[in-house]
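See structure below.
Only the coordinates and a few stated rules stand behind these numbers; no lab work does. Everything quoted here is computed from the prediction, not taken from an experiment. Neighbour counts run over all protein chains shown; Cβ positions are idealised from the backbone, glycine included.
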Amino acid sequence: MTFMRQLFKAVGYLALLLLALGTTALTALVVANWHDDPLSQTALQVQQIPPTDAMQEGNGYLIMVGLSAPTDGGNLVSSAEAFGRRYLAKTLETSFKALQDPRNYDAMKDWTTFTGGEKVSRFAFHCPLRSDEDCFSWTLANKNEVLTLVQANSPLLVRYEAAARAPQFVHPLYDIFSPLPYHAQLRSAHALMLAKAAVQWQHSAQSALDTMEIASRLRARIGNSANSFLEAMVLLEMQSAELRWISQAIGHTPIHISPHVSAQIRQLILQPSPNLDSSLQGEQQMIVGMLPFMSQKRGEKNWRGKLSDSLSQIGYLPIATVNASLEHLDQIKAIGNMPADALEAAFKSHNQVLANHYHCPYPIRLRNPLGTCMVAMNAAHYQSYFQRIHDMDGYRRLVMLQYLATAESVRAQDMQAWLQASPAELRNPYTLQAMQWDAATHSLVFEGKEPQRQNLEGSATYRIALPQAAP
């Protein structure tokens, strides 16, 4: 009995000790997270970015948003612009309603029911996604289908061209209530433009390149101010399709072409990739815009209300999390502006610092542990975005080398030496070495960093097979 009594007493003391430790830890956690930080200077600057005049006349963005707007038998371009304005107005209305009461989700439900009317029939057209497939031959084999699709979707293509030629192209500021309904139609229209150009190439290289110039111009204009990484990656895939088209067009080009056609091909190859600086700015705007929805505090004045607010926010401080996220994005932007050959080492060093500073299971962090962990979780994808941009630059260089090798009639036995003499702007952007020549497959080769579904087996290796001389 004495032993049992002592055992129960020991268990009781242990329970009291654990309770005291738990209470102390909880108290320390509550005290550490009792007050949030003020908004950082960066956050205030993001909040104070003036709105763009996206509603202005002649803004190609409005036409792009309205690519699939109902035609109603009227002017195709003006009806698309009208839809774009209604779309932006609905976005602003929804955002205003939600900000009045961040806990009221009716505004978000209202937005999901807004369709803007019937859309132009959906269109799906994809050249086989294999790098060893001749897209031109495939398109010509399906020429009648392509021409039927061009005719059936002429409103889509008219609007695409109008957006490409519009006097201005201005994105609105990023808004979390701005879904991106136009991407599917944008990609479909772009794919159809490329297919149309391939059919035109049979009869007139000039007409085909004019069509390609329109397709590429809109893609580049959107990319210059794309305010989300999703949009930038969609545009990057479109650029990949353009470069693939150009590469295959070169293979279908007669040896002797006019200087004007040759210059147009060169200009198409030089079209820029999306600007990730504007995507990072959009990411910052999204983070700051989420602040009212991340914060659950009601601003109670009595101690019971404050206690309730603080307990509901244990381990998570919305403003501190936003400040840390913006600081991290500033660091990412600085790294992203480095040349490709310095990118991997810079991200490796940055990720090590990030792991030490924002490591999720860090055992003694009391202030904002959940928010700090969120910053670390969101940091993993940025390196991939920047490497995809540099991969596309490497592919662009490879296509330019194909163009020059074809124009100069470089022989296979001379190709390796010719590549070694290539200028810096046509070398591998990561290694600064000359691009590779695979004599076995008679191909120019560039080893990228990120998998690309248009490459063989979805690899990161870009290959361009050159025609072999007749024996």
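Listed values, structure above:
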| quantity | calculated |
| --- | --- |
| In sequence order, calculated HN-Hα J values of segment 209-216 (Karplus, 6.51, -1.76, 1.60; Hz; x Gly/Pro) | 6, 5, 5, 5, 4, 5, 4, 6 |
| 25 °C / 0.890 mPa s Stokes-Einstein diffusion coefficient of segment 391-471, Kirkwood radius on C-alpha pairs, µm²/s | 191 µm²/s |
| Nearest-0.05 FRET efficiency for Ala407 and Ala184, computed from C-beta distance (R0 30 Å) | 0.20 |
| Selection of trypsin sites (Lys or Arg not before Pro), segment 394-460, meeting DSSP coil and at most 13 other Cβ within 10 Å | Arg411, Arg453 |
| Spacing of the two label points (7 Å from each Cα toward its C-beta) at Glu425 and Glu327, in nm | 4.0 nm |
| Around His203: net Lys/Arg minus Asp/Glu count, Cβ-Cβ under 14 Å | +1 |
| FRET efficiency, Lys143 to Glu213 (Cβ-Cβ, R0 22 Å, nearest 0.05) | 0.50 |
| Spin-label pair Ser258/Asp37, simplified geometry with 7 Å Cα→Cβ offset, distance in nm | 6.1 nm |
| Within segment 32-92: Cβ-based charge dipole about Cα centre, in debye rounded to nearest 20 (Lys, Arg +1; Asp, Glu -1) | 180 debye |
| Cα-projected label distance for Thr71 with Glu57, points at 7 Å along beta-carbon direction, nm | 2.6 nm |
| Net lengthening on full extension, Glu93/Trp418 (0.36 nm per residue, minus Cα-Cα) | 111.0 nm |
